[in-house]
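Reading through the structure tokens given below for one structure.
The values are calculated or read from the model by the stated rules, or taken from the named source; none is laboratory data. Model, not experiment: these values are computed from the prediction. With ideal geometry, Cβ positions are generated from the backbone for all residues, glycine too; neighbour counts draw on all protein chains shown. Note: areas computed on protein heavy atoms with side chains; ligands, DNA, RNA excluded. Shrake-Rupley method; radii C 1.70, N 1.55, O 1.52, S 1.80 Å.
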Amino acid sequence: MAFTTDTRKRLVTAALVAPAAIWLFVFLVLPFMAIVVFSVGERAPEGGYQAAFTFAQFANLGSRAAAFRNTMLIAPLGAFLCLIVAYPVAYYLAIKASPRYRLLLVSLVVVPFWTSLLVRTYAWMYILGSRGIPNLLSMIGIEDVRLLNTPGAVLLGIVYGYLPLMIMPIYVSLEKLDRRLLEASADLGARPVSTFFGVTLPLSLPGVMTGLALVTILLLGEYLIPQLLGGGKVFFIGNALVDLFLQSRNWPFGSAIAVTLVAVVVIVLSVAMRIAFRISGSRQVDLV
């Protein structure tokens, strides 16, 4: 049986896409469908899931208002702080750094990922704990300073842990920047600050939006950093999910929170894509 050229191309494309599609369906779509089913069920007397059809779990979301509030406030703030720190670094790597050392410097940005986030977060627990910075401050007469188990400690851990994920998209946008535009701006008499805000920043905004969307979405489900650096006093949605599924075994309520979190992520991603499309003037901006 002979196949046309178009048919062969379609078969090859299907064969290449099929493994990834099957993987996503089995490990992403099916688990999410199970979570959706759990979310409209009830908690069994001994814990877990009991078949039912009710939206009572969603009506009870207000009982975890603190977790939602902390997540919705600290996650965007953490992403913004990452941006403030990451942009000068990415700008230096892409524009100012010598091409001879650029690859080495970019490699140093991702070096922290070679170590477990758990280990790095424990290091910050020691630095911010009573034997770290507060101990040094007490030696010069500054007593009763508490850094650990505070929102500030969580924000510090977020910036440290997610900074490379913000630097790389911005670096890619700046690295693709046509240097002739900067030269033309200077030839027309524009000051460096005017060139930055009029040329460099607008052309790098797709990378900025990519970094903001990526970091914010990951932070919405963050568990480890608030658990270790917040000490249970800075509660995220991820901490609430662990408590509901593993401690109180209220799977339906935990599933309702998880479904709500997914809806929030979809909204955040949609807004970020819309903003990026408007900024770039085209639909060739990839956020994920």
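Is the range 74-90 home to any residue that is open to solvent by 40 Å² or more (accessible area, probe 1.4 Å) and touching a strand residue (DSSP E or B) at 6+ places or on another chain (Cβ under 8 Å)? Steps first, answer last, please.
As a first pass, look at the range 74-90 and keep what is open to solvent by 40 Å² or more (accessible area, probe 1.4 Å): 76-77, 80-81, 84-85, 88-89.
Those still in the list that are touching a strand residue (DSSP E or B) at 6+ places or on another chain (Cβ under 8 Å) too: none.
No.
Going through the range 8-51 one residue at a time, which ones are exposed (fewer than 10 other Cβ atoms within 10 Å of the Cβ) and not in a helix (DSSP H, G or I)?
PRO45, GLU46 - these are the residues of the range 8-51 that are exposed (fewer than 10 other Cβ atoms within 10 Å of the Cβ) and not in a helix (DSSP H, G or I).
Can you name every residue in the range 221-279 that is under 23 Å from GLY47 (Cβ atoms) and charged (D, E, K, R)?
Within the range 221-279, ASP243, ARG249 qualify.
Of the residues MET209, MET273, which single one is modelled with pLDDT under 90, open to solvent by 60 Å² or more (accessible area, probe 1.4 Å) and either part of a helix (DSSP H, G or I) or farther than 24 Å from GLY152 by Cβ (or both)?
Values: MET209 fails: open to solvent by 60 Å² or more (accessible area, probe 1.4 Å).
Just one listed residue meets the conditions, MET273.
Being assigned to a helix (DSSP H, G or I) and open to solvent by 10 Å² or more (accessible area, probe 1.4 Å) is the filter here; which residues of the range 212-225 pass it? Steps first, answer last, please.
First, pick out the residues of the range 212-225 that are assigned to a helix (DSSP H, G or I): 212-220, 224-225.
Within the range 212-225, LEU212, LEU214, THR216, ILE217, LEU218, LEU224 meet the criteria.
Residue-wise test of (1) more than 20 Å from LYS176 (Cβ to Cβ); (2) modelled with pLDDT of 90 or more; (3) of a type in the set (Lys, Arg).
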| position | (1), (2), (3) |
| --- | --- |
| MET33 | yes, yes, no |
| SER39 | yes, yes, no |
| GLY47 | yes, no, no |
| GLN57 | yes, yes, no |
| LEU61 | yes, yes, no |
| ASN70 | yes, yes, no |
| PRO76 | yes, yes, no |
| ALA90 | no, yes, no |
| PRO99 | no, no, no |
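Based on what the data block shows, is THR71 polar (S, T, N, Q), out of contact with any strand residue (DSSP E or B) (no Cβ under 9 Å at 6 or more places or on another chain) and closer than 23 Å to THR216 by Cα?
Values: polar (S, T, N, Q): yes; out of contact with any strand residue (DSSP E or B) (no Cβ under 9 Å at 6 or more places or on another chain): yes; closer than 23 Å to THR216 by Cα: yes.
Yes, satisfied.
Only one of THR54, THR71, THR5 is over 30 Å from LEU163 (Cα atoms), of a type in the set (Val, Ile, Thr) and either in contact (Cβ under 8 Å) with a residue 24 or more places away in the chain or open to solvent by 70 Å² or more (accessible area, probe 1.4 Å) (or both). Can you tell me which? Full working, then the answer.
Values: THR54 fails: either in contact (Cβ under 8 Å) with a residue 24 or more places away in the chain or open to solvent by 70 Å² or more (accessible area, probe 1.4 Å) (or both); THR71 fails: over 30 Å from LEU163 (Cα atoms).
Answer to the check: THR5.
Going through the range 182-200 one residue at a time, which ones are closer than 19 Å to ALA97 by Cβ and loosely packed, with under 14 Cβ neighbours inside 10 Å?
GLU183, PRO192
Working carefully through the options LEU174, LEU148, LEU156, find the one that is outside any helix (DSSP H, G or I), crowded, with 19+ Cβ neighbours inside 10 Å and aliphatic (A, V, I, L, M).
On the way: LEU174 fails: outside any helix (DSSP H, G or I); LEU156 fails: outside any helix (DSSP H, G or I).
Result: LEU148 is the single residue among LEU174, LEU148, LEU156 that is outside any helix (DSSP H, G or I), crowded, with 19+ Cβ neighbours inside 10 Å and aliphatic (A, V, I, L, M).
Consider only pairs whose beta carbons are under 6 Å apart and that are at least six residues apart or on different chains; among these, list those whose first residue lies in the range 178-198 and is at negative phi and whose second residue is small (Gly, Ala, Ser) and assigned to a helix (DSSP H, G or I).
Cβ pairs passing all conditions: THR195/SER185.
All but one of (1) at positive phi; (2) open to solvent by less than 40 Å² (accessible area, probe 1.4 Å) hold for GLY232; which doesn't?
(2)
Among what's in the range 97-115 and is surrounded by fewer than 10 Cβ atoms within 10 Å (Cβ to Cβ) and of a type in the set (Gly, Ala, Ser), pick the residue that is farthest from LEU229 (Cα to Cα).
SER98
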